[in-house]
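Colleague: The following block contains the structure, expressed as structure tokens.
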Amino acid sequence: MMKTLRNIFLAGLVVVLYSSSLFAQGDIITAAEFMKLYKTDKTLVIIDASKASDYKKSHIKKAVNIPNSDLNTNKDDGFLKTNDELAAIFGNNGVSPDKTIVVYDGGAQKSASRVYCILKYLGATNVKILHKDMAMFKKSRVPLTPMATKVKKATFTVNVNTAILADLAEVKSGKFKLVDARDANEFAGTTDKSKGHIPGAIHIAYKDVVDAKTHVFKSKAQLESFISKKGINPGDAVIVSCQSGKRAAVLYVVFADILGYENVKMYDGSYNEWVAKGNAIDK
């Protein structure tokens, strides 16, 4: 009887540890970890990066709404506003680089990942990503509300981290392995939105690095195995791109945060900027 109970306990422990490896990785925190910060960290700022209409329906209590698209010069082009404009947006919403910042979105990882990358680029150092999983939120008693948060403005002083974003010259340099996070048809140039891809790019769709059902990032072991088959290995210098920077951010989190690559950048202008500047593409 004791042996059977011991085996059941060990089996349950393995499941718990495996589940934790899928959720808590680097700057990616669980709902339970978030609640510890929520209760104890007085500097905590929570950013809901989803659309304003979704924020109005329900969001984490005390969260401010900074939709990913609000950081662009145009909601669809993906080109970032100036550093001063970005600093004003964050500061007006009570965000400053010296605070603990937790970002989340509707659950797809794209908007939260991009806001995370932009904050890191602007000099914020303590930024976390929380996956929105209603079952986990309920289990950890994450408080939700439709009521807008009263904002106390802050000063966001920019201290640009040049290791985060890549410019056009770096993409052309040939010193990086370029990874395209778009769908296969966009990469192939068979849609109205895309005529192909940047020459030399390796295709890793952002959907391939998250679980198809939960959209949670896959485990480190799963990602290492998958990415190595694409000819990319630790020690490689990597630039991630997509159509307009949103999906590329998901891959940035995978390479830089989960896998620990030391030289990885996000080409935020991505395909849109590459084409707008008159550069050639491959099919």
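The values are calculated or read from the model by the stated rules, or taken from the named source; none is laboratory data. Bear in mind that the values here come from a model prediction, so they are computed numbers and not experimental data. FYI the Cβ positions are ideal-geometry reconstructions off the backbone, even for glycines, and counts take in every protein chain you see.
Colleague: May I ask you to verify whether residue 265 is surrounded by 14 or more Cβ atoms within 10 Å (Cβ to Cβ), over 20 Å from residue 200 (Cβ atoms) and among the charged types (D, E, K, R)? It would help to see each step written out before you state the result.
Modeller: Details: surrounded by 14 or more Cβ atoms within 10 Å (Cβ to Cβ): yes; over 20 Å from residue 200 (Cβ atoms): no; among the charged types (D, E, K, R): yes.
Criteria not met by residue 265.
Colleague: Can I ask one more? Looking for whichever is aromatic (Phe, Trp, Tyr), in contact with a helix residue (DSSP H, G or I) (Cβ under 8 Å, 6 or more places away or on another chain) and at negative phi here; the options are 187, 156. Which one fits?
Modeller: Working: 187 fails: in contact with a helix residue (DSSP H, G or I) (Cβ under 8 Å, 6 or more places away or on another chain).
After ruling out the rest, the residue left standing is 156.
Colleague: Could you run through the stretch 39-67 and say how many residues are under 22 Å from residue 136 (Cβ atoms) and touching a Lys or Arg at 6+ places or on another chain (Cβ under 8 Å)?
Modeller: 4
Colleague: Report yes if residue 221 is within 18 Å of residue 177 (Cα to Cα), assigned to a helix (DSSP H, G or I), out of contact with any helix residue (DSSP H, G or I) (no Cβ under 6 Å at 6 or more places or on another chain) and not charged (D, E, K, R), otherwise no.
Modeller: Considered against the rule, which asks whether it is within 18 Å of residue 177 (Cα to Cα), assigned to a helix (DSSP H, G or I), out of contact with any helix residue (DSSP H, G or I) (no Cβ under 6 Å at 6 or more places or on another chain) and not charged (D, E, K, R), residue 221 comes out as no.
Colleague: Also: Could you list all residues from the stretch 195-217 that are closer than 19 Å to residue 111 by Cβ and in contact (Cβ under 8 Å) with a residue 24 or more places away in the chain?
Modeller: 205, 206, 207, 209, 210, 211, 214, 215, 216, 217
Colleague: Considering the stretch 47-105 alone, what residues qualify as being among the hydroxyl-bearing types (Ser, Thr, Tyr), surrounded by fewer than 16 Cβ atoms within 10 Å (Cβ to Cβ) and under 27 Å from residue 216 (Cβ atoms)?
Modeller: Listed by number, the residues that qualify are 53, 58.
Colleague: Something else about it: Looking at the stretch 185-206, which of the residues that are crowded, with 18+ Cβ neighbours inside 10 Å and outside any loop (DSSP other than H, G, I, E, B) is nearest to the chain's Cα centre (by Cα)?
Modeller: 206
Colleague: So, one more: If a residue must be at positive phi and either modelled with pLDDT of 95 or more or outside the structural domain of residue 271 (by TED's automatic domain parsing) (or both), how many such residues does the stretch 190-234 contain?
Modeller: Here is the first cut: in the stretch 190-234, the ones at positive phi are 196, 200, 215, 231.
Applying the additional criterion that residues be either modelled with pLDDT of 95 or more or outside the structural domain of residue 271 (by TED's automatic domain parsing) (or both) yields 196, 200, 231.
Counting residues in the stretch 190-234 that are at positive phi and either modelled with pLDDT of 95 or more or outside the structural domain of residue 271 (by TED's automatic domain parsing) (or both) gives 3.
Colleague: So is residue 238 in contact with a Leu (Cβ under 9 Å, 6 or more places away or on another chain), farther than 22 Å from residue 168 by Cα and among the hydrophobic types (A, V, I, L, M, F, W, C) or not?
Modeller: Taking the combined requirement at face value, the residue does not satisfy it.
Colleague: Take the stretch 71-112 and flag every residue that is in contact (Cβ under 8 Å) with a residue 24 or more places away in the chain, part of a loop (DSSP other than H, G, I, E, B) and either within 16 Å of residue 54 (Cβ to Cβ) or assigned by TED's automatic domain parsing to the domain that holds residue 213 (or both). Before you say what the answer is, go through the steps one by one.
Modeller: Our first condition is that a residue be in contact (Cβ under 8 Å) with a residue 24 or more places away in the chain; within the stretch 71-112, this holds for 71-72, 76-80, 83-84, 86-88, 90-112.
Of the ones still in play, those that are also part of a loop (DSSP other than H, G, I, E, B) are 76-79, 93-100, 105-109.
105, 106, 107, 108, 109 - these are the residues of the stretch 71-112 that are in contact (Cβ under 8 Å) with a residue 24 or more places away in the chain, part of a loop (DSSP other than H, G, I, E, B) and either within 16 Å of residue 54 (Cβ to Cβ) or assigned by TED's automatic domain parsing to the domain that holds residue 213 (or both).
Colleague: Could you please let me know if residue 21 is within 23 Å of residue 209 (Cβ to Cβ), of a type outside the set (A, V, I, L, M, F, W, C) and either at pLDDT 95 or above or buried (at least 22 other Cβ atoms within 10 Å of the Cβ) (or both)? Show your work before the answer.
Modeller: Details: within 23 Å of residue 209 (Cβ to Cβ): yes; of a type outside the set (A, V, I, L, M, F, W, C): yes; either at pLDDT 95 or above or buried (at least 22 other Cβ atoms within 10 Å of the Cβ) (or both): no.
Against the criterion (within 23 Å of residue 209 (Cβ to Cβ), of a type outside the set (A, V, I, L, M, F, W, C) and either at pLDDT 95 or above or buried (at least 22 other Cβ atoms within 10 Å of the Cβ) (or both)), residue 21 does not qualify.
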